[in-house]
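Structure first, commentary second.
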Amino acid sequence: GSGDFFGSASLPTDKGATTVEARVLNTGPTYVDVAIAGGAFEAAFGPAPNNVGPAGRGDKNMRLRVDRYFSSVPYERMVAALGQITSLPENRRDGSGADGDRSGKNGNGGKQKNGNKKEMDMHMDEVLREAVVSTYRYGENTENIDVGEMARKLAKPPLPNSIQLANQALAFMQSEKATQFPEFNEPQLTAIGAALTRRLTMIHGPPGTGKTLVAASVAFGFVHQCRNVSPHAKVLACAFSNIGADNLAPQ
């Protein structure tokens, strides 16, 4: 596959991010062997720490991030997706409106001119944003992150009534196991319940253990939760590959 080296001071979503594409030749427990166009690495980052050329050895504290992908297409899609879901408008993070008015009023009694509805504040959960972006950073910003505290934040329910809504969804799944849902085993029910009551949940298991079915059931639970917030809310289910998405859709 091919991948990209990122400078540690930037994110792949940054417009000025320094990237260099290379071909992965081999990997091991402690190394990644790549082939890169002559002079490209030095031109982008300066001489490498083990450089033997005329430029001499580079900074021994140099740190780079390597992302491996089959081709540039999924990589570019990943960067675009990360940029979109993590780009929160600055004036929305403090709960203010688009014009910076925290009261939400716009001279029309807090209502928009194009209807008697307040503008919906759509944004990404700050805890999820921090978790996603922090995985692409290296250096002082990463060293100051309290992993334990982040884990505790991610384990908290996303909605005030998430646990209640999750229990409702689980009860419905179990009552309809003869028609719409299968008979889940205990680990599957535990995974579904955890996913519906936490901001982030990782579910893993060997082939044939029902991960795709559990994922579809989690999506059903998310729909139930989101409809409690707004009848127009939607749930996005995505996969790393088209095949993964195709497997999930029939469920």
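The values are calculated or read from the model by the stated rules, or taken from the named source; none is laboratory data. None of these values were measured; they are calculated from a predicted model. Here the Cβ is made from the backbone with ideal geometry for all residues, glycine too, and neighbour counts use every protein chain on show.
Please go through the stretch 130-158 and pick out each residue that is modelled with pLDDT of 75 or more, farther than 30 Å from residue 250 by Cα and surrounded by 12 or more Cβ atoms within 10 Å (Cβ to Cβ).
Answer for the stretch 130-158, where residues must be modelled with pLDDT of 75 or more, farther than 30 Å from residue 250 by Cα and surrounded by 12 or more Cβ atoms within 10 Å (Cβ to Cβ): 130, 131, 150, 153.
Look through 94, 125, 121, 99 and report the one residue that is within 30 Å of residue 229 (Cβ to Cβ), surrounded by 12 or more Cβ atoms within 10 Å (Cβ to Cβ) and modelled with pLDDT under 65.
When all the criteria are applied, what remains is 121.
Looking for something modelled with pLDDT of 90 or more and touching a His at 6+ places or on another chain (Cβ under 9 Å) - is there at least one such residue anywhere in the stretch 171-178?
Looking through the stretch 171-178, at least one residue is modelled with pLDDT of 90 or more and touching a His at 6+ places or on another chain (Cβ under 9 Å).
Of everything in the stretch 1-42, what is exposed (fewer than 14 other Cβ atoms within 10 Å of the Cβ) and either modelled with pLDDT under 60 or part of a loop (DSSP other than H, G, I, E, B) (or both)? Give them in sequence order.
1, 15, 16, 28, 29, 30, 31, 37, 38, 39
In the stretch 47-65, what count of residues is obtained for those that are loosely packed, with under 13 Cβ neighbours inside 10 Å and in contact with an Asp or Glu (Cβ under 8 Å, 6 or more places away or on another chain)? Quick ask: steps written out before the conclusion?
Going through the stretch 47-65, the residues loosely packed, with under 13 Cβ neighbours inside 10 Å turn out to be 49-50, 52-57, 59-61, 63.
Those left that are additionally in contact with an Asp or Glu (Cβ under 8 Å, 6 or more places away or on another chain): 49, 53, 55.
Residues that pass the stated criteria total 3.
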